[in-house]
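J.: Before anything else, here's the structure in question.
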Amino acid sequence: MTFEECTTCKLEYVEHEGPPTQLTTQISAGNPSGCHTHTLHLVFYWNNLQKVNKMPVSLCGSWDMVSNVNFEGYMTALGNLYTRNIALKLKHRKVIEQVGDRYVVKTLSTIRNYTFSFRVNEEFQEFTKGLDDRHCKSLVAWEGNKLVCIQKGEKKNRGWAHWIEDDKLHLDLHCEDQVCKQVFKRVV
């Protein structure tokens, strides 16, 4: 969530705790002459009393793939030969959005699209439909400036990490002993 500051106001931020699962926030602003004021009430819902996570670095936007190293090895580790053969020929577009405290990640291609959403630090059931069609428990967390996902299921050492480096979106996908390294450039 973003806030635009009023150029003539001094913002005052007041935080009030509500019930254990919610935080109510009030932002009030006004200038000394009293010509205008702003009041905004927000309610943030917590999971296990954790505040809503804001991206340390914004990964949001549309990104086109520019390199894809060891994708075949990664897909072989996933075990889906049919999908692997098709996926090797595709160039993906990655779209990352933040909607409130929920993140939405879309992987788009001419043949197949995959979309999932999550809240940081909240485990969720994921069905990797269109990838390897498996069910797993996923947990996404910030580790410094990297958004890291650990997926627990049939496959060992499975997950991914997104981060920005040199104005490019990097994605490492790992499964068992295979690591695929993808790089995306921002779509303007």
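J.: Report the local net charge at Lys152: Lys and Arg +1, Asp and Glu -1, summed over other residues whose C-beta lies under 14 Å from its C-beta.
T.: Its environment carries a net charge of +1.
J.: In whole Hz and in residue order, list the ³J(HN,Hα) couplings for segment 98-110 that follow from phi through the Karplus curve 6.51 cos²θ - 1.76 cosθ + 1.60, θ = phi - 60°; x for Gly and Pro.
T.: 10, 10, x, 9, 10, 9, 10, 10, 10, 10, 10, 8, 6
J.: With θ taken as phi - 60° and the coefficients 6.51, -1.76 and 1.60, list the Karplus ³J(HN,Hα) couplings across segment 155-167 in order, rounded to whole Hz; mark glycine and proline as x.
T.: Result, rounded to whole Hz: 8, 7, 6, 10, x, 7, 9, 10, 7, 9, 8, 6, 6.
J.: Sticking with this structure for a sec: Would you mind ranking Phe184, Phe116, Phe124, Phe71 by Cβ crowding within 10 Å, fewest neighbours first?
T.: By the 10 Å Cβ count, ascending: Phe124, Phe116, Phe71, Phe184.
J.: What FRET efficiency would be calculated for the residue pair His135, Asp166, taking the C-beta separation as r and a Förster radius of 30 Å, to the nearest 0.05?
T.: In this case the efficiency is close to 0.25.
J.: Moving to a separate point now. Could you please rank Tyr74, Tyr114, placing first whichever residue has the fewest other Cβ atoms within 10 Å of its Cβ?
T.: Ascending number of Cβ neighbours within 10 Å: Tyr114, Tyr74.
J.: Using the Cβ atoms and a cut-off under 15 Å, what net charge is assigned to the surroundings of Val179, where Lys and Arg are +1 and Asp and Glu are -1?
T.: Around Val179, the charge tally is +1.
J.: Within the set of other residues whose C-beta is less than 14 Å from the C-beta of Lys91, count the net charge using Lys and Arg as +1 and Asp and Glu as -1.
T.: Every neighbour counted, the sum reads +4.
J.: Report the relative contact order of segment 61-186, percent, no decimals, based on alpha-carbon pairs under 8 angstrom and at least 6 residues apart.
T.: Answer for segment 61-186 is 26 percent.
J.: Which whole-Hz couplings ³J(HN,Hα) result when phi for each residue of segment 136-146 is put into the Karplus expression 6.51 cos²θ - 1.76 cosθ + 1.60, θ = phi - 60°, listed in order with x for Gly and Pro?
T.: 8, 9, 10, 9, 10, 8, 7, 10, x, 9, 9
J.: Provide Trp63, Trp142 in ascending order of the number of other Cβ atoms located within 10 Å of each residue's Cβ, fewest first.
T.: Trp142, Trp63
J.: Additional query: Please list, in chain and number order, the residues 5+ apart from Glu122 or on another chain whose amide H is under 5 Å from its amide H, with Hs placed from the backbone.
T.: Close amide H contacts, sequence-distant or interchain: Val140.
J.: May I pose another question? Would you please classify the overall shape of segment 61-186 from the alpha carbon gyration tensor, given that a ≥ b ≥ c denote the square roots of the eigenvalues, rounded means a/c under 1.5, and beyond that prolate means a/b larger than b/c while oblate covers the rest?
T.: Taking the square roots of the gyration eigenvalues as a ≥ b ≥ c, segment 61-186 is rounded.
J.: Given Cβ point charges of +1 (Lys, Arg) and -1 (Asp, Glu) and nothing else, what value in debye, to the nearest 20, does the dipole of segment 85-188 about its Cα centre take?
T.: Taking the Cα centre of segment 85-188 as origin, the dipole is about 420 debye.
Read the figures in this text as sums done on the coordinates, not as results from a lab. No experiment lies behind these values; they were computed from the predicted model shown. When we count neighbours, we look across all protein chains shown, and the Cβ atoms used for this are built from the backbone with ideal geometry, even at glycine.
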